[in-house]
Amino acid sequence: MVVVMEERASEEQVQHVIAQLVEKGFDVHRSTGQLRSVLGAVGGNRSFDTRLIEVMDGVHEVLRITEPYKLASRTFKPERTTVSFGEFRVGGDEVIVMAGPCSVETDAQISASAAAVRKAGAKVLRGGAFKPRSSPYSFQGLGEEGLRMMRAAADAEGLKVASEVMDVSQIELVARYADILQVGARNMQNYTLLRELGKIRTPVLLKRGISATIEEWLLSAEYVLSGGNTDVILCERGIRTFESYTRNTMDISAIPVVQKLSHLPIVADPSHGTGLRDKVTPMARAAVAAGADGLIIEVHPDPDKALSDGAQSIFPSQFDRLMAELRIIAPAIGRSICLDPVARRGWGT
């Protein structure tokens, strides 16, 4: 259930309500808005009489949440969440673009990628050091050496880093180098991993599972939120359908649906969503037009020689052109993209 406090409720009143809920067996999560504090009470007895809380001093109203995802719902937090990392925010007015290769391969490759995406206007360098591959014989990533390369390349260009964590044992290591920890589609329902990510305070980028419904996806986010980590970014990356022409079916409709159901920011991954280089740009444009808070795109200086996912990686020149197009689309829906003056000097070059 959700307890909405009055606008002028004192801190003592809020803490008294929290203490009562805890005494009744609830886990309490507090969200402080501009005017009111909202308390999300999870667990406890389903037959609990909410009137016991309604009559307490400082309480405005008590609402039962019907959605199975409590903390991720709009009922718990009506206003949108913004996830900050450094000076950047996902979920604000600016569309944040994360770009880079599927995998870190060499110093030269990741440095060239970082320079190219930074020049075009990306704010985050994405790249995998640990790669969950369908075949055990495929390139599995460089591990910590890859993370070191990516951090150095990002720092040289003033970028943040997003990289995937595949296992509980990797969290501390990846968090040492990355500003955003990515949970891939194959791990969306790895609840042990999600619970541990809830204990840290590094932003988590949670990709939708290959065959996951939106409700299952939001329930996975709930695992991280319930652990205390409120910095969760959802990522639509396509789902498996009967269509075989594209690698996955990019579900653009998930963007407005999620924004109605949840306060969490959502970004789109058109690279995995289609698996085809020539489809990445049109789907990226569509995602921004649909209201995505950001994009994560695979960009490689020489995709034809990439060690993983070269077919869905675009060339730097294509990425530069895409960013120019997004600067036209974003303002049409009241958003902005690439506000950094250094990146502006690279436009059209």
Item to check | For the stretch 205-349, the fraction of alpha-carbon pairs in successive 10 Å shells from zero, as % | outcome: 11, 38, 35, 15, 1
Checklist outcome for this item: Expressed in angstrom and rounded, the centroid-to-centroid distance over alpha carbons for the stretch 247-294 and the stretch 157-194 is 21
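To the nearest µm²/s, what D does Stokes-Einstein give for the chain at 4 °C and 1.567 mPa s, using the Kirkwood radius over alpha carbon pairs as Rh?
It diffuses with D of about 62 µm²/s by this estimate.
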Checklist entry - So how do 272, 300, 16 line up by other beta-carbon neighbours within 10 Å, fewest first? => result 16, 272, 300
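Give the Kirkwood hydrodynamic radius (Å, one decimal) of the stretch 1-141, defined as one over the mean of 1/r across all pairs of different Cα atoms.
Working: mean 1/r = 0.0531 Å⁻¹.
Kirkwood radius, the stretch 1-141: 18.8 Å.
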Checklist entry - Which links in 77/199; 131/199; 77/123; 199/260 stretch past 25 Å when you go from one Cα to the other? => result 77/123; 199/260
Checklist entry - What Rg and what Dmax come out for the stretch 2-63 when only alpha-carbon atoms are used, in angstroms? => result 10.5, 32
Next on the checklist: Under 10 Å, Cα contacts only: if you run a Gaussian network model on the chain, which one of 322, 264, 206 comes out with the highest mean-square fluctuation?
Outcome noted: 322
Checklist entry - By average Cβ neighbour count within 10 Å, what is the ranking of 190-202, 174-186 from highest down? => result 174-186, 190-202
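For the chain, return all DSSP H helices satisfying: extent of Cα atoms along own axis at least 24 Å; mean Kyte-Doolittle hydropathy at least -0.5. Each step should come with its number before you reach the end.
On the way: long enough: 316-332 (25 Å, 0.19).
Once both thresholds are applied, what remains is 316-332.
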Checklist entry - Classify the stretch 64-128: rounded, prolate or oblate, from the alpha-carbon gyration tensor (a ≥ b ≥ c, eigenvalue square roots; a/c under 1.5 rounded; otherwise prolate if a/b is larger than b/c)? => result prolate
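At a 10 angstrom cut-off on C-beta neighbours, averaged per residue, how do the peptides 66-78, 89-101, 21-33 rank from highest to lowest?
On the way: 66-78: 19.6, 89-101: 23.5, 21-33: 15.3.
The packing order, highest mean first, is 89-101, 66-78, 21-33.
In percent, how large is the relative contact order of the stretch 2-63, given Cα pairs closer than 8 Å and 6 or more residues apart?
On the way: 94 pairs, mean separation 29.5, N = 62.
That works out to 48 percent.
When the helix-only estimate is applied to the chain (DSSP H runs of n ≥ 4, each -39,500 (n - 2.57), divided by the residue count), what is the mean residue ellipticity at 222 nm, nearest 500 deg cm²/dmol?
Details: 12 runs with 119 residues, N = 349.
Using -39500 (n - 2.57) per qualifying helix, the result is -10000 deg cm²/dmol.
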Checklist entry - Given a Förster distance of 45 angstrom, what is the FRET efficiency for residue 27 paired with residue 249, based on the Cβ-Cβ distance and rounded to 0.05? => result 0.80
Next on the checklist: Given contacts defined as C-alpha pairs under 8 Å and at least six residues apart, what's the relative contact order of the chain, whole-number percent?
Outcome noted: 17
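Bear in mind that the values in this text are calculations on the coordinates, not laboratory data. The structure presented is a predicted model; accordingly, all values stated were derived computationally and were not measured. Heads up, the Cβs are rebuilt from the backbone with ideal geometry, glycines too, and the neighbour counts pull from every protein chain shown.
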